[in-house]
1. Any chance you could count how many residues in the stretch 217-232 are under 13 Å from Met474 (Cα atoms) and without any contact (Cβ under 8 Å) to a residue 40 or more places away in the chain?
2. Kindly indicate whether any position in the stretch 439-454 is in a helix (DSSP H, G or I) and surrounded by 24 or more Cβ atoms within 10 Å (Cβ to Cβ).
3. Might you check whether a residue that is outside any loop (DSSP other than H, G, I, E, B), within 19 Å of Phe249 (Cβ to Cβ), at pLDDT below 75 and touching a Lys or Arg at 6+ places or on another chain (Cβ under 9 Å) occurs anywhere in the stretch 53-65?
4. Could you please tell me which pairs satisfy a Cβ distance under 8 Å, a separation of 6+ or placement on different chains, a first residue in the stretch 375-391 that is crowded, with 24+ Cβ neighbours inside 10 Å, and a second residue that is acidic (Asp, Glu) and in a helix (DSSP H, G or I)?
5. What is the one condition in (1) touching a strand residue (DSSP E or B) at 6+ places or on another chain (Cβ under 9 Å); (2) assigned to a loop (DSSP other than H, G, I, E, B) that Ala329 does not satisfy?
6. Looking for whichever is among the charged types (D, E, K, R), at pLDDT 95 or above and surrounded by 15 or more Cβ atoms within 10 Å (Cβ to Cβ) here; the options are Arg307, Arg315, Arg324, Arg363. Which one fits?
7. Looking at the structure I just gave you, is Ile400 touching a Cys at 6+ places or on another chain (Cβ under 9 Å) and either within 22 Å of Leu219 (Cα to Cα) or modelled with pLDDT of 95 or more (or both)?
8. May I ask you to list the residues in the stretch 115-166 that are β-branched (Val, Ile, Thr), modelled with pLDDT of 70 or more and either outside the structural domain of Gln181 (by TED's automatic domain parsing) or within 18 Å of the chain's Cα centre (by Cα) (or both)?
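The values are calculated or read from the model by the stated rules, or taken from the named source; none is laboratory data. Bear in mind that the values here come from a model prediction, so they are computed numbers and not experimental data. Virtual Cβ from ideal backbone geometry, glycine too; neighbours counted across all protein chains shown.
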Amino acid sequence: GTQDQLEAIKGRLTHGEHRQILKAQQMMLRDPDLIQRTEGIIRDQLIGAEWAVSKTVDEIREKLAKVSDEYFRERQFDIAFMGERLITTLGGEEKDTITPPDGAVVVAHDLSPADTAQFSRFKVAGIVTEEGGQTSHTAIIARALQIPAVVGVNDLLNAVDTGDLVIVDGVHGIAHVRPTQAQIDALEVEVERYNAFEQAISKEHALPAQSDDGENIRLRANLALDEENEVARRFGAEGVGLYRTEFMFMNRDTAPSDEEHYRTAKALLQRWAPHPVRVRTFDLGSDKQCPALAMGELEANPAMGLRSMRLALRRREQFLAQLRGLLRAALHGPLQIMLPLISGIEELAAGRAALDEAREQLRELGLPHADEVSVGVMIEVPSAAIVADLMARHVDFMSIGTNDLIQYTLAIDRDNDEVNYLYEPLHPAILRLIKTVCDAGARHEVPVSLCGEMAADPRYTWVLVGLGLRELSMQASAIPVVKNIIRASTLDEMEALANAVLACETAAEARRLVMQEMGMRFPEHLQHAAGVEIGEDEEEPISSVGRVVSE
């Protein structure tokens with residue numbers, strides 16, 4: 001049946017994250033609410049099983065579609081695919097694989113994670129779908145498999161026919177249907193330029209990110225998926241500056257055990273030895289519903305609600321399980337524990353108290369563990385940045401998370417089209433907060449890093465180093481470009497630009513200054529990154545061209 005089909009596909013996959021996604025669809029089939037609703041419709045309305053399943057799935061999808069959070073809203077597509085497979089099976093049909101010809105572009109209303117996981121970049125030229133978003137499982141798997149993909153294209157199926165030639169521009173998020181010869185020629189030129197630039201800077205992969213006058217800047221990787229490890233190591237990352245543990249909690253009905261946390265962290269440490277691995281404790285929020293944590297009803301203002309460290313302290317048993325696993329893993333290498341969304345000393349103290357409790361539990365159990373481990377905080381809210389001098393007295397490191405820091409400081413929702421034009425990394429308030437944290441770290445001899453999207457943007461490299469940062473953590477694909485800029489620059493010129501933008505009264509003035517200086521010195525680097533819609537710590541696939549196979 002449907003369970004067997006999903007199990008067969010799952011068995012062909014090697015990556016744990018992909019297997020977890022399919023396991024989640026198997027769990028949906030066993031969901032008591034789904035079963036009871038379907039049985040009730042059959043009994044009350046006297047209709048067939050296929051129709052009853054369809055009505056039940058539609059009801060669940062309708063509710064999920066109204067949820068404001070993108071990640072949770074996109075789970076409606078997983079429900080839909082599970083229902084589609086179940087209805088197909090009930091009708092006596094078997095659905096296993098999609099087998100497009102080599103070099104095909106797959107065009108569909110949407111693709112299930114199971115279908116996407118069966119594609120290989122050596123067979124499929126690209127994927128274009130009407131549904132989905134950057135956080136959908138289909139998009140996650142496509143990126144991991146390095147398949148160029150564009151998702152969320154309105155009215156796609158009415159615009160293309162089987163056999164049409166399509167350019168899938170996975171860098172800029174554009175699908176060119178029936179392109180002109182001029183567009184094809186332009187693509188070929190862009191790909192050649194892209195490859196030539198990549199090849200030129202690839203010669204520095206094994207070299208340190210050292211400025212022309214000898215200042216060392218450590219470039220580390222933001223990671224979430226196994227595939228990113230290989231890319232990050234190839235590009236010369238000096239360890240992991242941010243490992244997101246949220247994926248371990250997603251798509252499952254039970255929280256990860258101590259043993260799962262231990263094995264995951266141990267494997268990372270062994271892979272990255274002798275470099276450090278900085279693991280962020282789970283950063284989940286009220287609108288990012290996680291069944292394993294029984295998070296309850298959605299909040300009216302989830303960004304300001306029960307999320308990150310606040311949630312961890314409320315779900316203490318799951319938090320302690322994670323801390324126990326990390327303390328055990330710390331015996332195998334330089335593991336660093338990072339606490340997210342800390343607003344002040346009280347929350348930091350509560351997090352450290354939980355760590356002490358986890359350590360005592362391990363002693364009572366007689367399990368080997370590290371007595372001492374490096375502990376730090378993410379600086380993501382203005383209050384934490386303002387009291388960074390106080391924080392520095394109680395931590396081993398601080399890491400600035402600019403994605404949230406900008407949002408909270410400027411009081412905007414960066415996902416809201418009406419106000420996201422105000423999301424400005426070069427706002428004077430943001431620059432001053434970053435400088436405040438760097439200065440506090442320097443006074444107390446506490447290392448300060450930055451792991452937000454600013455670190456990956458070559459426009460800001462000089463400014464960040466000039467403000468005092470000596471460690472940047474970013475998605476792996478950004479490391480070569482940032483490293484090349486640092487190696488071609490001096491600390492004096494980077495500090496000069498940073499001081500100049502600090503003196504600006506407006507973000508527009510700072511932006512003009514940065515673009516003038518960086519555009520003149522590094523035009524190719526900025527052009528290489530121009531127009532790229534970068535997802536959090538996700539490597540962008542390259543562009544490709546192929547003929548449509550409608551699914």
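1. Number satisfying all stated conditions: 0.
2. Residues of the stretch 439-454 that are in a helix (DSSP H, G or I), as a first pass: 439-444, 453-454.
After this cut, where a residue has to be surrounded by 24 or more Cβ atoms within 10 Å (Cβ to Cβ) as well, the list is 441, 454.
Yes, some residue in the stretch 439-454 is in a helix (DSSP H, G or I) and surrounded by 24 or more Cβ atoms within 10 Å (Cβ to Cβ).
3. Taking the stretch 53-65 first, the residues outside any loop (DSSP other than H, G, I, E, B) are 53-65.
Still in the running and within 19 Å of Phe249 (Cβ to Cβ): 64.
Then drop every residue that is not at pLDDT below 75, which leaves 64.
Imposing the further condition that a residue be touching a Lys or Arg at 6+ places or on another chain (Cβ under 9 Å) reduces the set to 64.
Checked the stretch 53-65: at least one residue is outside any loop (DSSP other than H, G, I, E, B), within 19 Å of Phe249 (Cβ to Cβ), at pLDDT below 75 and touching a Lys or Arg at 6+ places or on another chain (Cβ under 9 Å).
4. Every condition considered, the pairs that remain are Glu380/Asp404.
5. It fails just one condition, (2).
6. Values: Arg307 fails: at pLDDT 95 or above; Arg315 fails: at pLDDT 95 or above; Arg363 fails: surrounded by 15 or more Cβ atoms within 10 Å (Cβ to Cβ).
Selected residue: Arg324, the only one of Arg307, Arg315, Arg324, Arg363 that is among the charged types (D, E, K, R), at pLDDT 95 or above and surrounded by 15 or more Cβ atoms within 10 Å (Cβ to Cβ).
7. Numbers: touching a Cys at 6+ places or on another chain (Cβ under 9 Å): yes; either within 22 Å of Leu219 (Cα to Cα) or modelled with pLDDT of 95 or more (or both): yes.
For Ile400, the condition - touching a Cys at 6+ places or on another chain (Cβ under 9 Å) and either within 22 Å of Leu219 (Cα to Cα) or modelled with pLDDT of 95 or more (or both) - is met.
8. Ile147, Val150, Val151
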